[in-house]
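Report on the following structure.
Bear in mind that the values in this text are calculations on the coordinates, not laboratory data. All figures in this text were calculated on a predicted structure; none of them were measured in a lab. Methodologically, a virtual Cβ is constructed for each residue, glycine included, from the backbone with ideal geometry; neighbour enumeration extends over all protein chains shown.
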Amino acid sequence: MSYINESIIYNIYPLGFCGAPKHNDRITSSRLDKIYDWTDHLKSLGVNAVVFNPVFESSSHGYDTIDYKKIDCRLGDNKSFKKICDHLHKNGIKVLLDAVFNHVGREFFAFKDIQEKGQASPYCSWFQNLNFGGRSPKGDPFWYEGWAGHYDLVKLNLQNPQVADYLIDCVGFWIDEFGIDGLRIDAADVMDTGFFKRLRSFADSKCGDFWMYGEMVGGDYNRIIRDNALNSVTNYECYKGLYSSHNDHNYFEIAHSLQRQFGNGGIYKDIYTYNFADNHDVNRVASSVNDQRHLKNIYTLLYCMPGVPSVYYGSEWAVKGKRTNHSDAELRPCLDIDNIPDADDELCKFLQRLGAVRLGLESLKYGDFENIVIKNEQYVFRRKTASQTAYILLNLSDNPSEIGFNTEGGSVLTDVLNDNQAFDTNGYINIEIPAHGGRILVPNDGSFRIDGLKSIVLPKQKNNSVNEKCVKQKTAKPQKSPKPITPVEGKRYKHFKGSEYTVIAVARHSETLEKLVIYKSDKTGDVWARPYDMFTDIVEYDGSLVNRFAPMG
């Protein structure tokens, strides 16, 4: 598994976020240093990975690259950005960059060399369909292919090994210089998959856990994933369904997409998709949804569906913005952390709660998917691993609504989204869902609860700060750990949150041969099974390292 399974992503378009000039003024200003003021906010949301859209020197919007090895002077310089990356890593936040490898700007060195030397330039083969049989729409004495008809964006020839070598060398530079943890591949749906395979092989050999996802607006996601190409893909199909299913009061739309992608026989079950409600290219979700009261359910879906959730900067406060007159400016505003316009603080607090739930439930991070109940205005689906189940209940109507369904595992359902409310169940439950609200129910023995990010038990990782094979970095002195335990049949153990249990046996899963601990609640008599390594591991709780289950007596 990758670190991405344990992540909540925050997506920032830096040039807009920082209020940089629309066109490169060639004046160096460390505007991106404002991220320091946002770090505590990111952590309050449970964010542990940030995706920066283009940060390298460009002529205008970032996607017309001039220099892949130089931070855009409107944002800072290489030294200031390295400090930003170090700061984020020290705060447990991974850094992913937007890799614009499909095309470059007209000020890119190789293109300027052709403008100067013509057919004598050694870079003529670096660009797609470049020939001297005509003139370009920009007046050049040669023709070239522009991305999607935009001739400010000169399409690279990725089948040229020299081009591929150059770009891969740039990625190596980013890893060595900034310690980055992954890439967003811009315009991946129109790029050569052979290049992706080379890039993947390089990244895997250089870094222990490097995650790359490709921008793909439509088509078969598997095309850029199969045969060890990219790791993941932007999930545009579900992006649309997240808001339109609410606008149309039709949960069948998003339920169909999720079943098609991730249900039994789903075509993308093996892809941990990059999921989002909005980004720098599409209308803000608060401007797309007809009723602002639906935003909470949209984000509940986003955080609970298979894949990794991503929040676009400002949308946690329901910041609005639409594309107007072919301009993306409203989508990419400059925001002041202390003065968010018309901020919906209630939504932001809700996302903080969702972040705690997302990080606290292994079923949401690793579980399979199954639709349970689908109605126009109510929806129930299940996420499940071998050791945990979660039911996600949604109601988009103006009134509370009761819904019933069969349950499994545990005599109590704890609603971790709503103050850990507990509901008794005997295998079937009929429960009310609030108007424009939801529930996340976890079957358990009555002791389970999620109180906040500080109470979340995060799984052990080799290094939560930075790719350990990429950058050597000083780490804090490790906290002293308690001694590991060995479960003994008939012996009693106390869970770190207080409940007491007796081990019945240590067993093997009949299909996977996974080692399991079978144990019984001393209070209720319910029998549970948990992976051996999870039963015996060390967890962080309220700032201290403790045994998940400590021997009693």
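Observations on the structure shown:
- Here the chain has an Rg and Dmax of 25.2, 87 Å, counting Cα atoms alone.
- The packing ranking, built from the mean of other Cβ atoms within 10 Å per residue, places the peptides 423-436, 525-538 in the order 525-538, 423-436, highest first.
- Dipole magnitude (debye, nearest 20) for the chain, charges at Cβ of Lys, Arg, Asp, Glu: 1380
- Packing rank of 19-27, 251-259, where each peptide gets the mean count of other beta carbons within 10 Å, highest leading: 251-259, 19-27
- Out-of-range pairs (alpha-carbon distance over 28 Å; input 240/349; 269/494; 94/269; 34/320): 269/494
- Summed over all non-identical Cα pairs, the Kirkwood treatment of the range 318-377 gives a radius of 15.4 Å.
- Base-10 log of normalised Debye intensity for the range 82-127 (one unit scatterer per alpha-carbon) at q = 0.18, 0.27 Å⁻¹: -0.63, -0.93
- Reachable aspartates and glutamates from residue 206, criterion Cα separation under 20 angstrom, eight or more residues apart if same chain: 86, 98, 165, 169, 176, 177, 181, 227, 468
- Neighbour net charge for residue 494 - beta-carbon separation under 14 angstrom, K R +1, D E -1: +3
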